[in-house]
Every structure is written in C-alpha cells, then in structure tokens.
Amino acid sequence: MALLVVLSSCTVEPYCLVCPDVDGGEPLDGGTDAGSDARVAPRDASADVIVVPDGACIDFELCNERDDDCDGHTDEGIDTESNPDHCGGCDMPCPVYPHAFAVCEAGECSIGACDVGYLDLDPAQPGCEYYCIPTVTDGTDEICDFNDDDCDGAIDEDIDFANDPENCGFTSSGAGRCGNHCRGSRAAGSCSAGVCTLGACDPGYYDIDGSATNGCEYQCTPADPPVEVCNLLDDDCDGTVDDGEPGAGVACGSDVGACGAAAGVTICRAGEIVCTGEPAPAAETCNTVDDDCDGRVDENNPEGGRVCGISTGACEVGTQQCVGGALVCMGQVEATAEICNTIDDDCDGAVDDGNPGGGAACGPTAGACEAGVVTCTRGALVCTGGVGPSPELCNNVDDDCDGNVDEGDPEGGQLCGSDVGRCAPGVQHCRSGSLVCEGAITATTETCDGVDQDCDSNVDEGNPGGGAACGETAGACEAGTVQCRGGTLTCEGAIGPTVELCNGTNDDCDAMTDEGFALMTDINNCGACGRVCSFPNATPRCNAGTCAIAACRPGFVDLDPTRPGCEYACSFAGNEACNGRDDDCDGRTDEGLTAPSAFCNPNGVCNGTAATCGGARGWECVYPATYQQTEQRCDSLDNDCDGSIDEAFPLVGDQCSNGSGTCRRVGTYVCAASGTAVQCNAAAAGTPGDESCNGADDDCDGEVDETGVNDPGTPWRDAIDASAIPTVTYTSGGRTIRVMRYEASRPDATSTSAGSLSTLACSAPNVRPWTSVTWAEAEAACCALNASGTCTSPTSGWHLCGAEDWETACEGPAGSCDWSYAATCSATQPVACNGMEYDSNTSLAGDQDALATTGSPTFSSCYTDWAAAGRVYDMSGNVREWTSTSAGTSGGVPLYQVRGGSYQSIEEGRTCDFDFTVAQRTFRAPTTGFRCCMY
C-alpha cells in the first residue's frame with residue numbers, strides 16, 4: 001500500500017529577513033528636544049534613508065558613535081543585547097543562518113526559529129540543516145516505511161524488529177526488515193530476537209515435532225476434557241496414543257474388604273483396562289480393614305480385652321478396645337499434671353510433688369519489700385518468705401512499698417525549738433530521711449539591741465559591748481564610757497566630734513577648723529556652706545560652685561533633661577536586638593530592627609511569612625492557620641511546609657473508578673471535604689444495559705458477552721440469549737429455526753474493521769463480516785452462543801446453518817426466490833447485491849470488487865423478505881457462507897458446502913440453490929464467512 005502525501009500551497013506569516021536598518025531597532029518617535037537652536041533632520045521620501053545635515057540634531061539616536069539627538073550622550077538607548085542588527089555592538093549584525101532565523105540574546109547571536117520544514121538536529125552545523133515534514137503527531141515512528149515519520153533524524157526507530165511479527169529481523173547491514181511477516185503453517189507467527197518462530201497453533205492443530213518448517217503439522221481433536229483415557233485415541237493431542245498408560249494402577253477384583261482394596265491392579269492393553277492379581281482373606285486385626293473379607297470391619301473387638309493403664313494415685317485401670325482401627329484403653333483414668341490439691345494427680349506415688357503451681361515470685365518488691373515464693377502447702381498455694389509493707393517512717397526508705405519514699409511527711413508536724421526571748425518554735429518535717437525543725441528561731445550571742453538573743457529571759461544583760469572609754473578629747477570633744485542602754489551602745493558622759501561645719505568651730509576635733517569645705521568643688525557645700533548637691537540615681541559633682549550630675553548610677557540613664565537625676569532605669573547592652581529589652585537605652589524597645597532573611601520556611605503555606613520580633617521570645621514566624629507541624633490534612637496544600645503536598649495521603653492523584661464494563665466511570669482520588677481522607681471523584685457507575693454481542697460488558701457484571709439464560713429479576717438482559725441476536729424465525733419440516741439476519745461478525749467488528757475477538761459469533765448491521773475463517777472456527781463461534789459455550793446436541797441449540805435450512809431462509813416464505821432480492825426475487829438484478837458485476841470504486845479504471853459491510857445501505861434491496869418475521873440480508877453475494885452440511889470427502893478429507901457466493905462471484909453463482917462450492921474444513925479465504933442458525 002502506498003502512502004500518498006499531498007502538500008498543498010499554504011500561507012504562512014512572512015518573516016522580515018532583510019529589513020532596512022533605520023535606527024538601531026528603536027522607535028522613530030519619542031526623541032528628546034535638543035534645544036531651541038537644534039534642527040531636526042528630515043527624512044527622505046523613501047522613509048528608508050535618514051538625511052542628517054552636518055552639525056544638525058535629530059530627534060532620535062543612531063548607532064554611529066555620535067550624539068545624534070544632542071543630549072550629551074552617545075548611542076544611548078541602542079539595544080545591543082537583543083537587536084540582531086547591533087548584536088554586541090553597533091553595526092554588528094547577526095549572520096544569516098541557512099533555513100533559520102537569527103536572534104540576539106545577551107549580545108550573542110544564535111539560532112531562533114527554523115524555517116518551515118527544517119529542523120536543527122546537528123548543533124555542529126550552522127542553521128537548520130535537516131529537511132523533514134512529519135507525518136505523525138504523537139512523536140512516535142511506529143510505521144515501518146523506511147521514512148523518518150517523526151522527524152527526529154532516525155528512521156523507523158520505534159519499530160521493535162526483534163519482537164514484531166509483522167516486521168521481524170534485520171538485514172546483513174543491520175537495518176530492520178520492514179514487512180517481514182512471520183507466518184506459520186496452521187499457526188500464528190511470532191518474532192523472537194529478530195527470528196521468526198511459531199506462535200499459537202490454529203484450533204485443532206498442534207506442533208508435535210517442534211519444527212517451525214512444517215508449522216503445526218498434527219491435526220487432532222482433543223477430548224472434552226482433554227485427558228488421556230485407555231481407548232487407542234490421542235485424547236490430549238500430544239502425538240501419543242494412551243500415553244502414560246491411563247487407567248492403570250487402579251485396584252481391581254473383589255470389592256469386599258481387604259480383598260477389594262488390594263485385590264488386583266489395572267493395566268491398559270490395546271485400548272482396554274485389564275485387571276491382574278488378587279489377594280486372599282486373612283485373620284481380622286484392629287486396623288479399620290475387613291481383613292477376613294466378610295463385609296465387616298474390626299468385628300468382635302480383635303486384639304482387644306486386655307487390662308490397660310495403672311491404678312496408682314488418682315489413676316484407674318481400663319480395658320483395651322478396638323476403636324477406629326486402633327487399640328484404645330477404654331474406662332481408664334489417666335494421669336494428669338500434678339496440681340496443688342493433696343492428690344497424686346500424676347500417679348507417681350507422691351502427693352503434690354515438685355511444688356505444683358508454685359515457684360513463682362509473689363508479694364510486693366517495691367521499696368523495703370522483698371518478694372516471696374509461691375509454695376504448695378497442704379493442698380493450697382501460699383506465698384512464703386519475703387518482707388511485707390510497714391507504716392512509712394522518716395528514713396529515706398519506701399517502708400509501705402507503694403513506690404514512694406517518705407510520702408506524707410511521716411513523723412512530722414510536731415512543734416520544735418524554744419519560744420523564750422527572740423526564739424520561736426518551728427515545725428518538725430521529714431527531709432531526706434531525717435526529721436528537721438523548720439521555721440524555728442534559735443538562740444544567738446546576746447548583743448545590745450533590746451532583745452533576748454540568748455533566750456534566757458533576760459534582755460541585754462551584762463552590758464554587752466559596753467565598758468570601754470569612748471569619745472574624742474581634741475577640740476570640742478571629751479571622753480566618756482560605752483554603755484548598753486535601751487538596746488543601744490552609747491557613749492555616756494562624752495562630748496564627741498561632730499561633722500565639721502562651716503561654723504568656725506573644730507567640730508570634728510581634728511585640730512583644724514572648717515577644713516575641707518571647698519565651696520567650688522564640695523558637693524555638700526557647693527558655692528556656700530551647707531549647700532548639698534544631690535540627684536536621684538546619680539553621682540553629683542560640684543563644678544565651679546554649681547551642682548551637676550557627674551555620672552548616672554549603673555542601671556540608670558538620664559533621658560529627660562527636664563527631670564532631676566537619672567530617671568530611666570536601663571542597663572546598656574549595645575545595639576538593639578530582638579529580645580523585648582531596651583538594649584541601647586534610648587527609651588524604646590526592639591526599634592529599627594531588620595528582620596533576618598530566609599528565617600521562615602519558604603515552602604507550602606509558610607511561603608511569604610516574614611519573621612517578626614516577638615519581644616522576649618526573639619524572632620518568630622507566625623505561620624497561617626493552615627500550617628501543621630505534621631501533615632494531617634488532605635487539602636491540596638503543603639501544610640507542614642516540607643515541599644510535599646498531602647504526602648500523608650499517597651493515593652491523591654491516582655486513578656480510581658466506579659463500576660465495571662460500560663458502567664465504569666474513571667476519576668482520580670482527591671481530598672475529601674473533611675480533609676482527613678481521600679475519596680474517588682469518579683462519577684457514579686452507570687446504569688447496566690442489555691448484554692449484547694459486541695465485545696463489551698454491557699450489563700456491568702464483570703463478564704463480556706456471556707451466554708446463558710436471562711435472569712428475569714433484572715430490568716436488563718444479563719446474558720446473551722436468542723433475543724440478543726437479530727434473527728428471522730421460520731418453520732421448516734416441523735422444526736422452528738432461527739437464522740441470523742446478517743452475516744456473522746466478530747463481537748468488536750465495526751464498519752471499518754473486522755475486529756479481533758473470536759469468542760463467539762454476532763449478527764449486527766453495517767459492520768465488517770467475519771471472514772478468513774475455517775469451518776471448525778465458524779462452527780465453534782456458533783456453538784459459543786449456547787448457554788454452555790459448546791454444542792452439546794447435534795440437533796438443538798446454535799450451530800452453523802445446514803445447507804437446506806440456509807437455502808430455505810434465502811428462498812423466502814414462498815420458497816420461490818432465486819436470489820435474496822427484496823422484490824422480483826426471481827428476476828436478474830446484477831447489482832442489487834454485492835457481486836462481481838458491482839464496481840466498488842468507479843474512480844479507478846476497470847471493475848473493482850471489494851467486501852461491503854453487513855446489510856450495507858449501498859445494497860438496500862439485498863435481502864429476503866420474511867414479512868413480519870423480518871429480513872435476512874446478504875444471502876446473495878458479499879461473502880460465501882459455510883454450512884454444516886457435509887459434501888463428502890476428497891482424499892479422505894471431509895468437505896462441506898459453502899453457499900451464497902461472494903463479491904467476486906457472478907450473479908448465477910449467487911443464487912439461493914447454487915451448491916457447487918465445497919471446501920475442506922481447513923479452508924479459509926477473505927471471501928468466505930458464515931452465519932449461525934438456532935435449532
């Protein structure tokens with residue numbers, strides 16, 4: 001078949017390959033006024049040439065290393081980055097690339113678009129060097145035609161020459177062998193490693209010798225089921241008769257007792273089962289076998305009656321009985337595992353030996369407790385040994401074994417200590433395993449303070465701290481004696497120094513008068529005696545007789561000059577930082593800060609979140625409400641900002657469906673409205689329809705074109721029965737016969753394709769009929785319409801139409817039609833049906849004959865009219881039709897009648913009674929089809 005490609009003229013958008021260089025690619029308007037003295041250069045009439053008088057200014061800049069618009073800048077605004085006329089610099093045009101358009105990017109010339117029909121496949125060559133018109137649109141080269149169909153520089157690269165049975169193998173030069181079809185005699189072809197091999201054999205044929213030369217050489221009809229039996233036939237079609245000696249090795253002879261079970265053994269000889277060998281009866285033993293072959297098994301308790309068992313402890317003896325082919329001790333009491341019950345359960349002569357049930361640890365083990373051991377004592381399990389709980393004491397031990405130490409303040413709560421003088425009692429508490437008196441005030445050494453420190457009921461007794469001489473004797477001072485009075489040590493009888501005052505007296509008794517009062521610098525007498533310099537939270541100074549702040553105390557700053565002293569409490573820490581503190585002590589907190597970049601997660605719902613200062617919390621990212629630390633919602637968002645969306649729900653985006661067959665609706669898994677699960681968004685499954693013969697699951701039950709009995713419990717037909725096949729029903733010879741209205745077709749046949757399914761035969765209008773079919777294949781396709789899928793009766797159900805029944809359907813109700821014509825069916829009408837006289841393509845010279853679809857509108861009167869029963873189409877012409885009627889044999893090979901003629905038959909060969917055509921059952925041709933009848 002030749003592929004004709006017509007390339008008609010087409011209009012494409014023109015490309016400007018040689019455009020006038022006007023102004024370096026910039027617009028001709030929008031220039032800058034060069035001043036009132038400038039003159040704008042005129043353009044000439046051609047608009048392609050700019051005339052610039054010497055010294056004149058124009059309103060735009062040219063690429064000429066001159067200041068054309070007189071704005072003090074040279075060649076400004078000229079695009080040397082993307083203008084192909086000035087690429088990288090003025091007057092540096094891009095070269096002309098063969099069959100390609102130049103572009104300028106970043107001042108570098110390169111190839112832009114290719115010319116129509118050209119591609120740039122070789123970067124080493126300039127321009128677009130490869131001419132090719134693609135003939136496919138999906139980017140594949142699956143047509144084996146020695147052409148580069150997808151224009152990728154490779155020819156037929158998508159053809160699998162190693163495995164494609166239609167294009168199998170390689171030439172000596174390594175090229176693929178297009179059109180090398182693998183075919184086998186009575187077998188499908190297969191291609192493996194570029195070598196044609198046999199595929200599946202045709203039905204009824206087998207490859208026994210393993211040679212591909214003669215194909216599937218062995219004709220055989222397997223048994224149903226194909227299991228070898230002893231009959232001198234090859235039931236499993238493996239080339240050997242009665243192989244494996246079927247039926248051999250089976251016991252035979254007497255069927256009573258052991259005489260039957262092991263009597264003789266069958267062997268297969270000359271297609272018959274023969275029995276050899278036979279044993280004699282024996283004494284009966286306890287074995288569930290009729291040893292003495294009397295029809296009874298283990299009768300009279302053979303080998304039984306003896307005493308069995310022991311009588312020690314709890315055990316009791318029994319009697320042996322033959323039960324189920326074994327001697328069983330009946331009535332005995334057997335030993336059991338010893339338990340703690342003062343009984344010898346295991347019948348070993350000892351009671352409760354081995355401490356039965358005991359040995360496990362028991363009792364609490366927390367704290368001071370220690371586990372005991374479970375011991376069987378006098379028939380009861382008792383916990384012995386161990387240390388149990390006791391009341392909690394203050395000893396840093398868990399006395400009550402509850403897992404807590406010294407809980408509840410054990411032994412605490414009593415008053416402790418003295419209450420005399422300054423002493424006060426406390427309360428006794430358990431601390432770290434010891435009783436501690438907490439809250440008590442204890443006795444100390446007596447001091448002169450009006451308090452009984454030593455808690456002896458006396459206050460300041462013994463003149464504590466007193467008795468020494470005191471005071472000064474210089475100046476105005478006189479010595480005295482130190483006395484404890486009223487809780488205070490006082491110098492009694494002395495005249496002591498006082499602060500030196502600006503009063504002309506030696507107040508401090510230092511032999512100097514009014515010394516140290518520098519009125520210009522003394523903060524206590526600044527500028528005058530008695531004038532004291534003092535400021536809150538500051539160190540004062542006296543400067544030239546004036547009080548001033550020398551320095552703020554640590555932790556204070558003087559921010560407000562209108563307020564005295566250092567009024568603002570602040571410790572300077574340096575530049576301001578995000579910490580909720582005034583680091584630079586300027587009275588403001590966290591001011592003027594620049595948020596750190598890339599601090600917040602840039603992914604998912606976090607994207608766009610800027611860091612904010614959270615005071616003492618530092619920099620923080622306030623993510624939106626959709627943020628989750630761990631992805632838990634299905635909402636098409638990256639909630640945990642890890643770069644993955646809905647990763648906790650891996651099914652999202654996967655395909656899903658509802659229903660099966662034609663009801664199937666496909667969708668994808670999406671997030672459910674709850675956001676916690678996924679759901680399939682496929683539409684609800686469609687409504688089942690009537691099961692039809694079309695290669696589809698119409699009733700949506702998971703089966704395609706199933707046959708059987710229609711279930712009346714469903715509103716649709718759920719199996720292909722007689723009502724599913726368009727037929728005409730008539731009676732002949734006392735029989736009711738249904739004949740297909742249309743030539744048989746494959747289930748998936750269309751008006752343009754014969755289809756490929758071979759499960760069963762269908763009858764449908766305007767589809768390609770099933771041709772190139774052997775007699776056996778046609779009969780099997782008809783039989784497949786039966787509920788069992790096979791022909792179980794030669795006289796009922798679906799079969800190939802018999803020749804006489806076919807002829808009756810063609811001749812019509814009156815039995816008078818010579819052809820299957822709608823009217824005047826006994827008069828010649830050469831082109832009423834599809835035969836040799838009809839030219840299927842008048843545009844070609846000569847007569848063209850071709851297959852037509854079933855019941856084609858082109859041959860609208862090609863049918864036999866059975867009135868109310870309906871019409872039977874194409875019984876004259878289009879395809880010859882196999883019948884089930886034998887036509888004898890030829891060389892021992894069965895022949896069958898083929899009726900109706902084809903599109904290559906003359907009108908006389910298409911009559912209803914033309915029965916000259918016969919063929920072997922293995923014959924197949926594109927002009928031969930069939931139709932089925934139901935009996």
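Each value in this text was obtained by applying a stated rule to the coordinates, not by laboratory testing. Computed from a predicted model, the values in this text were never measured in an experiment. Here the Cβ is made from the backbone with ideal geometry for all residues, glycine too, and neighbour counts use every protein chain on show.
What the table below lists for this structure:
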| read-out | value |
| --- | --- |
| Approximate spin-label separation Ala468-Gln679, in nm, with each point projected 7 Å along Cα-to-Cβ | 9.6 |
| For region 725-934, convex hull of alpha carbons as volume per residue, Å³ | 121 |
| Residue-count net charge about His99 - beta-carbon cut-off 10 Å; Lys, Arg +1, Asp, Glu -1 | -3 |
| Least to most buried among His799, His429 (fewest other Cβ within 10 Å first) | His429, His799 |
| Whole-percent pair-distance distribution, where bins are 10 Å wide, for the alpha carbons of the chain | 2, 5, 7, 7, 9, 9, 9, 9, 8, 8, 8, 6, 5, 4, 3, 2, 1, 0 |
| Computed lengthening from Asp243 to Val373, 0.36 nm per intervening residue step minus Cα-Cα distance | 39.3 nm |
| Ranked Val397, Val709, criterion: other C-beta atoms within 10 Å, fewest first | Val709, Val397 |
| Contour excess over end-to-end distance, with Cα ends at Thr842 and Asp560 and 0.36 nm allotted per residue | 90.3 nm |
| Qualifying chymotrypsin sites (Phe, Trp or Tyr not before Pro) for region 857-916 [loop in DSSP, other Cβ within 10 Å: at most 16] | Phe916 |
| Karplus 3J(HN,Hα) series, Hz, for region 900-914 with 6.51 cos²θ - 1.76 cosθ + 1.60 (x for Gly, Pro) | x, x, 9, 5, 9, 9, 6, 4, 5, x, 10, 6, 5, 9, 6 |
| Positive-end residue, the chain charge dipole about Cα centroid, Cβ charges, pick of Ala625, Gly565, Gly174 | Gly174 |
| 3J(HN,Hα) from dihedral phi, region 399-408, Karplus parametrisation 6.51/-1.76/1.60, rounded to Hz, x for glycine, proline | 5, 8, 6, 9, x, 10, 9, 6, 6, x |
| Simple spin-label estimate for Thr513 and Asn543 in nanometres, 7 Å along Cα-Cβ | 3.5 |
| Whole-number D in µm² s⁻¹ for region 830-926, Kirkwood Cα-pair radius fed into Stokes-Einstein, 10 °C, 1.306 mPa s | 110 |
| Relative packing of peptides 401-408, 802-809 - highest average C-beta neighbours within 10 Å first | 802-809, 401-408 |
| Fewest-first ranking of Glu76, Glu411, Glu65, using other Cβ atoms within 10 Å as the exposure measure | Glu65, Glu76, Glu411 |
| Net dipole in debye of region 623-719 [+1 Lys, Arg Cβ; -1 Asp, Glu Cβ; about Cα centre; nearest 20] | 380 |
| FRET efficiency estimate (nearest 0.05) - Cβ-Cβ, Phe170 to Leu233, R0 56 angstrom | 0.80 |
| Net charge over other residues, Cβ less than 12 angstrom from the Cβ of Thr488 (K, R count +1; D, E count -1) | -2 |
| Inter-part distance where region 137-181 and region 336-376 are each reduced to a Cα centre, Å | 86 |
